[in-house]
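The values are calculated or read from the model by the stated rules, or taken from the named source; none is laboratory data. Because the structure is a prediction, the values reported are computed rather than measured. Reconstructed Cβ throughout: ideal geometry from the backbone, glycine too, with neighbour counts over all protein chains shown. These accessible areas exclude ligands, DNA and RNA; they are computed on the full protein's heavy atoms, side chains included. Shrake-Rupley method; radii C 1.70, N 1.55, O 1.52, S 1.80 Å.
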Amino acid sequence: MTVKQLRAFLAVARTLSFTQACSELHLSQPALSLAIKGLEESLGGRLLIRTTRRVKLTPEGDSLVPLAKRLLADWDNAEEMLRQRFTLQLGRLSLAAMPSFAGNLLPSALMAFRRQYPRINITVHDVINEQVIDMVRQRRVELGIAFEPEATDNLDFSPLFHDRFVAVVPPDSPLVQHDSLDWDTLMGWDFIALQRPSMVRRLLEQQLGPRQGALRVAFETHQLASVGRMVASGLGVSAVPSLCINQMQEIGAVCRPLTAPAIERAVGVITWNRQELSIAAQAMVAVLTATFAPPSASG
């Protein structure tokens, strides 16, 4: 049973005329008769009784009419839905982003995407870096935005930019007088850190371990916003990715460049490499790349 056969049957059932049905469908009479015959053979019995004067439905043909209408309506709806998805007039996209990106840079990319594709519904999962990677691996989201993972099995990573850590200090601290700070100076103050297994915490421990030894932490918290509030209130100092600068300043903390050593890490888009991205996900990657990736050097 094919869509073409069902359309032919419904045209004849509605008009009770092969001539009118041929005109509606732009088919020749032999082609229409062949379609009806093929449908009857596939179903195992006659659907129409045709005489020289008229056409009428058999009881089986009559019972097929509402079923055929529903099947064709479902087919047409599915066809239109897919067409809209392929042309980005309709669709859904789920992505995960680490909080430092989701709360600071992602909104501008979402605005750019929304202007181009206003009918695509987007779900954003604001989770820690490790969960971003896990959600991509588990195929709970198509895209993840996070620091470059240490293990990339079954994952593709497309860098958007490199982020360098900055110092966060209280607004009334003498450290504010410096244009930049080194780690030895910063670690002379009570340090506020994200709790493990945060990627930010792990990067600090990996980079500073050989030089500073174990990271001496006075206060720990799960949220970057809490880190900023603790620093702004004068409890201590911290270090965060530079993409958090606006967030820290809005809270009332002050940021300064960090040197000796400079700690940086690539931030980019993580995808599962065993599955083709949906059209909506491909469009989002293009928007993210246009918004954040540095232009390639021309020859």
Would you please give the residues with an amide H less than 5 Å from that of Val237, counting only those at least 5 places away or on a separate chain, with H modeled from the backbone geometry? Asp190, Phe191, Ile192
Whole angstrom only: what separates the Cα centroid of the range 32-84 from the Cα centroid of the range 213-233? 70 Å
Which of Asp74, Asp156, Asp126 moves most in a GNM of the chain, Cα contacts under 10 Å? Asp74
Between Glu276 and Gln116, Cβ-based FRET efficiency (R0 22 Å, step 0.05) works out to 0.55
Which length gain, in nm to one decimal place, applies between Thr152 and Arg14 when the Cα-Cα distance is subtracted from 0.36 nm times their residue separation? 43.7 nm
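With contacts defined as alpha carbon pairs under 8 Å and 6 or more residues apart, what's the relative contact order of the chain in percent? Write out the running numbers ahead of the final one.
Values: 464 pairs, mean separation 61.8, N = 299.
Reported as a whole number, the value is 21 percent.
Quick one: dipole size for the range 143-259, taken about the Cα centre, charges +1 on Lys/Arg Cβ and -1 on Asp/Glu Cβ, in debye to the nearest 20. Before the final figure, lay out each step's value.
Working: 8 positive and 13 negative charges, 49 e Å.
Dipole of the range 143-259, to the nearest 20 debye: 240 debye.
Can you give the FRET efficiency for Arg196 and Leu235, using 1/(1 + (r/R0)^6), R0 = 25 Å, r = Cβ-Cβ distance, to the nearest 0.05? Provide the component values of the computation, followed by the final result.
Values: r = 20 Å, r/R0 = 0.79.
Efficiency, from the Cβ-Cβ distance: 0.80.
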Please tell me the relative contact order of the range 3-87 in percent, rounded to the nearest whole number, where contacts are Cα pairs under 8 Å and at least six residues apart. 28 percent
So how much slack lies between Asp172 and Asn77, counting 0.36 nm per residue of separation and subtracting their Cα-Cα distance, in nm? 27.9 nm
Counting only DSSP beta bridges fully inside the range 164-265, the antiparallel percentage to nearest 5 is 60 percent
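Quick one: accessible area per residue over the chain, 1.4 Å probe, rounded to a whole number of Å²?
On the way: 15980 Å² over 299 residues.
Accessible area per residue, the chain: 53 Å².
Run the helix sum for the chain: -39,500 (n - 2.57) per DSSP H stretch of 4+ residues, divided by residue count, reported at 222 nm to the nearest 500 deg cm²/dmol.
Values: 12 runs with 136 residues, N = 299.
After summing the helix terms and dividing by the residues of the chain, the value is -14000 deg cm²/dmol.
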Looking only at the range 1-15, which residues have a backbone nitrogen under 19 Å from a spot 7 Å from the Cα of Leu34 in the C-beta direction? 1-12
Spin-label zone in the range 143-157 - amide nitrogen under 17 Å from a point set 7 Å from the Cα of Thr291 along the C-beta vector: 143-147
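With +1 on the Cβ of every Lys and Arg and -1 on the Cβ of every Asp and Glu, and nothing else charged, how large is the dipole of the chain about its Cα centre, in debye rounded to the nearest 20?
Details: 30 positive and 28 negative charges, 370 e Å.
Its charge dipole is roughly 1780 debye.
Assigning unit charges at the beta carbon (Lys, Arg +1; Asp, Glu -1) and nothing else, what dipole magnitude in debye, to the nearest 20, does the range 3-87 show about its Cα centre?
Working: 13 positive and 9 negative charges, 56 e Å.
So the dipole magnitude of the range 3-87 works out to roughly 280 debye.
Between Leu43 and Met1, what is 0.36 nm times their sequence separation minus the Cα-Cα distance? Round to one decimal in nm.
Details: separation 42, 0.36 × 42 = 15.12 nm, distance 0.76 nm.
Full-extension gain reported as 14.4 nm.
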Give the Rg/Rh ratio for the range 109-234, taking Rg as the radius of gyration of the Cα atoms and Rh as the Kirkwood radius, to two decimals. 1.03
Between Leu82, Cys255, Ser233, whose Cα lies farthest towards the positive end of the dipole of the chain when Lys and Arg beta carbons carry +1 and Asp and Glu beta carbons carry -1, centred on the Cα centre? Leu82
Going by accessible area, probe 1.4 Å, with all protein chains left in place, what is the ranking of Arg83, Arg53, largest first? Arg53, Arg83
When the chain is modelled as a GNM with alpha-carbon springs shorter than 10 Å, which of Gly44, Gly91, Gly61 fluctuates the most? Gly44
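Of all the Cα-Cα pairs you can form in the range 3-87, what percent are over 19 Å apart?
Working: 1418 of 3570 pairs.
That fraction is 40 percent.
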Of the candidates Leu71, Leu160, Leu143, which one comes out as most mobile in a Gaussian network treatment of the chain with C-alpha springs shorter than 10 Å? Leu71
Got a number for carbon plus sulfur as a percent of the range 3-87's accessible area, 1.4 Å probe? 57 percent
